[in-house]
Amino acid sequence: MRIVRVTLWERAQMYALALIYGFYLIARRMVKWAWNGAAFFQLHERDTPPACLVDSTLGKHSYVKIKGIKFHYVEAGKRENPLVLLLHGFPDCWISWRKQMSTLAEFYRIISLDLKGFGDSDKPANSSQYSIEILIEELKEFIHAMGVQECILIGHDLGGLLGWYLAATHKSVIKNFIAISSPHPNFYWKGVGGESVFNQTWLHFSRLPILPEIDVRTEDLAVISATYKHLYSKKPSQQAEQNYIEAYKYVFSRKEDWTGPINYFRNLPFTRLYSEGREKIKTPTLLIIGNADKSISLEHIVQSTKYLEKFSINVVDKAGHFPHQENPEEVISFINEFLQSEEPVKEKPASKGIVSSLLGSTVKYGNQMFEAVHKRTNEVVNGLPGKMMLNIGQLNT
């Protein structure tokens, strides 16, 4: 597989949409500004990192330079164990994986990385530094800098997108790939955003200069509160999770904290993966999605499997876009089952279509998932034989 650019016509359309939606969002923001300017531009100073960001309980904080760029990462587990590289999404940082690191560190060497532009890693302002070729080359070099030739890669959202490119173009580096809430690059931009605060309107708007960085910091980083509303809880046992809201607001409190992350959106929508003939990604892959995710489409997750030779799919019940934070126990069980199984996945027969191939592989459909696929793939499974449909309901979830 190789990386290709979208056509000039598609680029022109994207830039036109950036201007259209840009004017639309600016007009909406000006109404808020006129109504209550003081609250709209309110931003608390955050000069001291919350304890959870510098706590070494989860692992050792370290730095490495790759091609002149400083990368921050947190490492746990024995160095002789297989390496698991954790890549966070947007807007996020290494602490996204706090609920998985300790458990995985019992059997693996765990590294949770701050992607370039995020957290305590370097933040180049030039958008050309965030081309997909540069990003995946740096990640490949990072893996080698850890003293290994290959790793298990687990990526959420944007981190999963980078993982897709690595698995497709540097297959010798990725032994196993787990993508959480992250469809194949050729589907990623078609529906990503959904009903979230970073919806399609905002993603088009993000291609404009300067204005997106101003917008995300208004109302004391209200976008962080909206993105991580799953961390708010009335249960006393879970109220500690709310402290992470402030951690995220600290990480994204300055203009330069947003420029790097937004630069991903200024570059990556213009690239795709091109397959020669029926070439597929040979890396064993697990796709995880929450059945309440309003940011991406389950249909696109299912369609992503046509680019995979070996795969499994797991759906996390009642979880949204952050299933690894919302239902960590279920997600870690899926990850462990996939990684520890002697035969984690079964090769997909080339002659079958997407849905029938899913049924023949180790995709775990329960009644709930079948209903979701039935509904969100425009009832594409409607014509399946009744006996086969019955078997779906009998599979273990």
Provide the descending list of Cα extents for region 133-233 along its principal axes, expressed in whole angstroms.
45, 36, 26
With the alpha-carbon atoms as the only input, what is the per residue convex hull volume for region 218-335 in Å³?
143 Å³
Compute the whole-percent fraction of alpha carbon pairs in region 12-87 spaced more than 19 Å apart.
68 percent
Computed on Cα atoms, the radius of gyration and Dmax of region 51-117 in angstrom are 11.5, 33
Determine, for each peptide in 289-297, 122-130, the mean count of other beta carbons within 10 angstrom over its residues, then list the peptides with the highest first.
289-297, 122-130
Relative contact order of region 141-203 (C-alpha contacts under 8 Å, at least 6 apart) in percent is 29 percent
Take each of the peptides 100-110, 321-331, 153-163, average the number of other beta-carbon atoms within 10 Å over its residues, and list them starting from the highest.
153-163, 321-331, 100-110
Using a 1.4 Å probe and ignoring any ligands, DNA or RNA, find the accessible area of Asp120 and quote it in Å² to the nearest 10.
70 Å²
May I ask which of Lys190/Lys229; Lys123/Lys310; Lys65/Lys190; Lys140/Lys294 have a Cα-Cα span longer than 30 Å here?
Lys123/Lys310; Lys65/Lys190; Lys140/Lys294
What is the calculated FRET efficiency for Ser102 to Lys70, with r their C-beta to C-beta distance and R₀ = 25 Å, to the nearest 0.05?
0.45
Ranked output for segments 301-311, 243-253 by mean other Cβ atoms within 10 Å, highest leading, reads 301-311, 243-253
I want to check the label-to-label distance for Tyr274 and Arg11. Put each point 7 Å from Cα in the C-beta direction and report it in nm to one decimal.
1.4 nm
Per-residue HN-Hα couplings for region 158-169, Karplus 6.51 cos²θ - 1.76 cosθ + 1.60 at θ = phi - 60°, whole Hz, x for Gly and Pro?
4, x, x, 4, 4, x, 4, 5, 5, 5, 7, 10
Starting from 0.36 nm per residue, how many nanometres of slack lie between Ile26 and Ala51 once their C-alpha separation is accounted for?
5.4 nm
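The values are calculated or read from the model by the stated rules, or taken from the named source; none is laboratory data. Just so we're clear, the structure is a prediction, and the values are computed from it rather than from any experiment. Note: ideal-geometry Cβ built from the backbone for every residue, glycine included; neighbour counts use all protein chains shown. Heavy atoms of the whole protein, side chains included, go into the accessibility calculation; ligands, DNA and RNA do not. Shrake-Rupley method; radii C 1.70, N 1.55, O 1.52, S 1.80 Å.
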